[in-house]
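Down below is the structure, laid out as structure tokens.
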Amino acid sequence: MLPRLFFGNSRPRAVPKTTNVTFRLRYAPSPTGYLHIGGARTALFNWAYARRMGGVFVLRVEDTDRARSTDEYEAAILDGMRWLGIDWDEGPGVGGPFEPYRQTERFDRYAAVRERLIDEGHAYRCFCSAERLTEVRDAQRAAGDTPRYDRACRGIDAAEARRRVEAGEPAVVRFRVPEGGETVIPDLVSGDVTFSNTEVDDWIMARPDGSPTYNFCVVCDDSDMQITHVLRGEEHLTNTPKQVLLFRALGLEPPLYAHLPLMLGTDKKKLSKRTGDTSLQDYRAKGYPPEAVVNFLCLQGWSLDDKTTIFSLADLVANFEPTGVSRGGAIFDPEKFLWMAGEYLHAEDIESLAERCAPFVIEAGQMTADELSERGAWFRAAIESERERIRLYSELPARLAYLFVPDDAVVYEEKAEKNARKQEERVTVLRAFLDWAAPQIEGLDPSDTARVATLRDATRDWVKENDIKFPTLFQPLRCALTGASGGADLFDSIALLGAQHTKRRIEAGITRLA
Ligand code: GLU
């Protein structure tokens, strides 16, 4: 039996670290869809707590809904977890002492527990037809009662029930909820949550084909796998009394639960596609840095302290405590998320940034993988020229697009062209600049920031010496080189384009802007 680690009347306090019990936590996704951001948060918190307490983190795949579960979803969920930096000590691909970790491979175990519960009188077979159940519920609703099973089959003798099943009569197996009394859940987030047992239905543990239901499998597995703490979404709170009663029927102490607040949109409504993407892989596909995703998801109901917004997975592990999770206030603000993505991207190490931007540049058809490795230094310089102006990796290709167009087909934005044309001396100045700069840009390497800076300073001096106003050179020059009215530092652009393309674009500009 698991030792009871905590039982209190009010909001619980942290479990002392000195306990010699191994903390065992799990994340138990159902592979019926991609990893939801709420699920990702649940996984992160369970993982972080296991790591902080020197415990074990188990990954269990709850694939009993065979019609909706797919291998593709399972693979995507596991992949999403790895992407966030979550590893598991036991589970698919890793193994462990309580194998298998996929529920559909544990059906024999559930059948054995089911039979034991029936033999001990904690569960019973129910032969009520769907029609009868509907009639019962309709009558209860009409009388203003909460619809529930009227427990008609509770009294059937177990031997008699077995004979009927063996004769082929379809039956479900229901849990026999104790009559009277209460079930108290000492929730690590909300404190004691009390349910009257009369509120708990005689819920179905196994369907007529023998397949076990969610609440039943979870209890079998959480007990078999010796799970000590269950952190999961608040939407599971109504399942918890059912599960706790089943643990007790098995003569076991349930784990400690922490129900995490629902993640809400800025409209305070449940997060849905309407308010933004809800699947982790959407954010990955959009080019959010995984560290930003971790940071942002952790802030959904938890905080490091009153003031720190930016923190790492390591900070989470060093500090996470389920009792520090708030009861509400998990507001998912997409704008803040985007801002946070930018904070991470701006500070990211260039090697990692280049690696993560590469797929987007390849996807956009700008460079092949081979070109990227041949021209790695150039690519890194190109990223550096735009880093401050993007927040997501996926935003890079649009910013670099000007570098990949033919020199005579640079797309002039309306505003850029207008600004350029405002400069009456544009053609003369562009021509003079070209003549003066041509020898200086020969062999200019964009990663040679010192030489780029020298050219920048020299140009400024040249402009002043020739009594040219800055916009008279820079507006037409920017338009000719990039087609945009703003963007990267012009000298970075010149170095990235290289002497030949720079000269051709200026020539083209002289013609096009004449
Ligand atoms: N398979 C359940 C889900 O995906 C897990 C619930 C639990 O953590 O007990 O919601």
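The values are calculated or read from the model by the stated rules, or taken from the named source; none is laboratory data. All values reported here derive from a predicted model rather than from experimental measurement. Glycine gets a Cβ as well: all are built from the backbone with ideal geometry, and neighbour counts include every protein chain shown. Calculation scope for accessible area: heavy atoms of the full protein, side chains included, ligands and nucleic acids excluded. Shrake-Rupley method; radii C 1.70, N 1.55, O 1.52, S 1.80 Å.
Once neighbouring chains are kept in place and the probe is 1.4 Å, which whole percent of the accessible area of segment 442-514 is contributed by carbon and sulfur?
47
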*Bin width 20 Å, alpha-carbon pairs only: give the P(r) of the chain as whole percents, running from 0 to the bin holding the largest distance.*
19, 38, 23, 15, 5, 0
*What distance in nm separates the simple spin-label points at Lys270 and Asp87, each placed 7 Å from Cα in the Cβ direction?*
3.7
*List the pair-distance distribution P(r) of segment 70-125, using every Cα-Cα distance, as the percent of pairs falling in each 10 Å bin from 0 up to the bin containing the longest distance, rounded to whole percents.*
20, 34, 24, 18, 4
*asked:* What lysines does Lys273 reach when the alpha-carbon gap must be under 29 Å and sequence neighbours fewer than 8 apart in one chain are set aside?
replied: Lys286, Lys336
*asked:* Give me the tail of P(r) for segment 166-275 as a percent: Cα-Cα pairs with distance above 26 Å.
replied: 29
_Check the chain for me: any Cys whose beta-carbon has no other cysteine beta-carbon within less than 4.7 Å?_
Cys128, Cys217, Cys220, Cys298, Cys357, Cys479
*asked:* As an exercise, identify the GluC sites (Glu not before Pro) in segment 120-229 lying in DSSP coil whose Cβ has no more than 11 other Cβ atoms within 10 Å.
replied: Glu179
*Rounded, prolate or oblate: which fits segment 434-514 when a ≥ b ≥ c are the square roots of the eigenvalues of the alpha-carbon gyration tensor, with rounded for a/c under 1.5 and prolate only if a/b beats b/c?*
rounded
*Over segment 41-120, what is the mean sequence separation of C-alpha contacts under 8 Å (at least six apart), divided by residue count, expressed as relative contact order in percent?*
33
_For the chain: relative contact order, % (alpha-carbon pairs under 8 angstrom, 6 or more apart)_ = 13
*Roughly how many Å is it from the Cα centre of segment 460-503 to that of segment 21-74, as a whole number?*
54
*Near Lys422, which aspartates and glutamates are there with a Cα under 20 Å away, not counting those fewer than 8 places off in the same chain?*
Glu413, Glu414, Asp467, Glu507
*Roughly how many Å is it from the Cα centre of segment 138-159 to that of segment 192-239, as a whole number?*
20
*Cut-off of 10 Å, at most 16 other beta carbons, DSSP loop: longest stretch of the chain lacking such chymotrypsin sites (Phe, Trp or Tyr not before Pro)*: 128-514
*Hey, what number do you get for the chain at 222 nm if only DSSP H runs of n ≥ 4 count, each worth -39500 (n - 2.57), divided across all residues, to the nearest 500?*
-14000 deg cm²/dmol
*Between Thr22 and Gln440, what is the label-to-label distance in nm when each label sits 7 Å out along the Cα-to-Cβ direction?*
6.9
*With the contact rule set at Cα under 8 Å and sequence spacing of 6 or more, what percent relative contact order holds for segment 183-324?*
22
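For segment 117-211, give the percent of accessible area contributed by carbon and sulfur heavy atoms, probe 1.4 Å, rounded to a whole number.
After summing per-atom areas, the C and S share lands at 48 percent.
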*Taking the Cα centre of each part, how many Å lie between segment 287-347 and segment 394-413?*
35
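Probe radius 1.4 Å, ligands and nucleic acids ignored: give me the carbon and sulfur share of the accessible area of segment 230-381 as a rounded percent.
With neighbouring chains kept in place, the figure for segment 230-381 is 51 percent.
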_nm² value of the averaged projected area, convex hull over the Cα atoms of segment 292-441_ = 13.7
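Excluding ligands, DNA and RNA, what is the solvent-accessible area per residue of the chain at a probe of 1.4 Å, expressed in Å²?
46
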*asked:* I need the trypsin sites (Lys or Arg not before Pro) found in segment 194-283, filtered to DSSP loop residues with at most 13 other beta carbons within 10 Å of theirs.
replied: Lys268, Lys269
